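Take a look at the structure set out below.
The values are calculated or read from the model by the stated rules, or taken from the named source; none is laboratory data. In this text, all values refer to a predicted model and were calculated from it rather than measured experimentally. Please note: Cβ atoms are built from the backbone with ideal geometry, for glycine as well, and neighbour counts cover all protein chains shown.
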Amino acid sequence: MRNVLCTVFVASALATPLSAQHPDMPGMDMHHHSNAPLSATAKRQIDSVALAAARLAAPTAATAAGFRPVFGWIPTMGVHYVAMNRMVKSEQSTLGDPSNVMFSRIAGKDSLVGAAFAYMTAVNDSSPPKLFDGAPGWHEHPDLAPPGQRLVMLHVWFVPSPDGPFAGTNPNLPFWAAGLDAPDSLRMHDAAFSMRVRKAGLALAEVTDTTAIFRNLEQRPDVRPILVAQRDSIRALIPEFQAAQKAHDSARWDRAALEAAGHWDAIYAGYLASAKTAMGKERMERYISMLLGQHGE
């Protein structure tokens, strides 16, 4: 049974874009940004996961240990490397053996940024393991499981995340991938600033990896001209971000983020307008909502 489930997950991962997921099953905490205070025990547990995963600190090491990359780089999640033999609930009991590790580019290097515990389970199973003190909420991806099953996950970030170490997404990743500093984490408590930053991050992702968001839409004749123009404008903003960082000029940084967010809005409108069906448009909206940290809201 384990081999069957793992095969289905691999096939789904390679064939199904994350934009086709609909994570709206009951019984799970679907929010991707919960930043409740951590207990000392939870901090020690996170450290133990990071220490255990240190042996997988490079993609080559992860591959040699039997982890396989799926999906490619997801802007606010990185690249998931998956140990398929651990994708069952009974294996999610040891903090030292996560079933996924995540990599993303920081300072020009593919860096280990986190791990994830994940497994296939029955649709009516709404009782995930309690691995960490405080029982942080798991999230799920039901479209990446065979009929009658669902895929349940809990991310653990080893790098700073304004949404907390167990959030499903990390908005810092696109900024680091573009060679920039992370946004001001204290200001991320402001809803308007937070959304501006998240949109700016997706704009940066469009030029950091042009296949990262909707790779199958890039060549559509109604989308391509929009992408070319907006991506050129986004690239021109990266030196502005860098200059603002160097000068510690928050107002200048804010202007660059606002402009980048506007370019993302234009790109996103182009993506939505290109949808062939109402279902396709809904999937795009759901996926982008997830990337923006609004998973399940």
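Given Ala257, Ala275, which one is outside the structural domain of His139 (by TED's automatic domain parsing), of a type outside the set (S, T, N, Q), in a helix (DSSP H, G or I) and under 22 Å from Ile74 (Cβ atoms)? Testing whether each residue is outside the structural domain of His139 (by TED's automatic domain parsing), of a type outside the set (S, T, N, Q), in a helix (DSSP H, G or I) and under 22 Å from Ile74 (Cβ atoms) leaves just Ala257.
Take the conditions out of contact with any helix residue (DSSP H, G or I) (no Cβ under 7 Å at 6 or more places or on another chain), in contact (Cβ under 8 Å) with a residue 24 or more places away in the chain and either within 27 Å of Ser99 (Cα to Cα) or surrounded by fewer than 22 Cβ atoms within 10 Å (Cβ to Cβ) (or both) and apply them to Ser161. Does it pass? It is false that Ser161 is out of contact with any helix residue (DSSP H, G or I) (no Cβ under 7 Å at 6 or more places or on another chain), in contact (Cβ under 8 Å) with a residue 24 or more places away in the chain and either within 27 Å of Ser99 (Cα to Cα) or surrounded by fewer than 22 Cβ atoms within 10 Å (Cβ to Cβ) (or both). Each residue in the stretch 65-92 was checked for being farther than 23 Å from Asp47 by Cβ and of a type in the set (Lys, Arg), and 2 of them qualify. Take the residues in the stretch 57-98 that are hydroxyl-bearing (Ser, Thr, Tyr) and within 30 Å of Ala203 (Cβ to Cβ), then tell me which one is nearest to the chain's Cα centre (by Cα). Top of the filtered list is Thr76. Taking the criterion of being under 14 Å from Ile46 (Cβ atoms) and over 21 Å from the mean Cα position of the chain (by Cα), the residues of the stretch 132-151 that qualify are Asp133, Gly134. Considering the stretch 251-280, the residues that are surrounded by 17 or more Cβ atoms within 10 Å (Cβ to Cβ) and of a type in the set (Ser, Thr, Tyr) include one that is farthest from Glu218 (Cα to Cα), namely Tyr268.
Just one of (1) closer than 18 Å to Asp265 by Cβ; (2) more than 19 Å from the chain's Cα centre (by Cα); (3) among the aliphatic types (A, V, I, L, M) fails for Ile213. It is (2). Residues in the stretch 147-176 that are closer than 14 Å to Leu112 by Cβ and outside any loop (DSSP other than H, G, I, E, B): His155, Val156, Trp157, Leu173, Trp176. Scan the stretch 175-194 for residues that are more than 14 Å from the chain's Cα centre (by Cα), more than 14 Å from Arg255 (Cα to Cα) and of a type in the set (A, V, I, L, M, F, W, C) and the total you get is 6. Residue pairs whose Cβ atoms lie under 7 Å apart, separated by 6 or more positions or on different chains, with the first residue in the stretch 235-255 and within 13 Å of Ala178 (Cβ to Cβ) and the second of a type in the set (A, V, I, L, M) and part of a helix (DSSP H, G or I), are Arg235/Val207; Leu237/Ala256; Leu237/Ala260; Glu240/Ala256; Phe241/Ala256.
Does any residue of the stretch 282-292 turn out to be assigned to a loop (DSSP other than H, G, I, E, B) and either within 23 Å of Ser161 (Cα to Cα) or aromatic (Phe, Trp, Tyr) (or both)? The answer is yes; a qualifying residue exists. Each residue in the stretch 87-109 was checked for being of a type in the set (Ser, Thr, Tyr) and at pLDDT 85 or above, and 3 pass. In the stretch 93-110, the qualifying residues are those that are surrounded by 14 or more Cβ atoms within 10 Å (Cβ to Cβ) and either without any contact (Cβ under 8 Å) to a residue 40 or more places away in the chain or among the basic types (Lys, Arg) (or both), and the one that is nearest to Asp47 (Cα to Cα) is Ser99.
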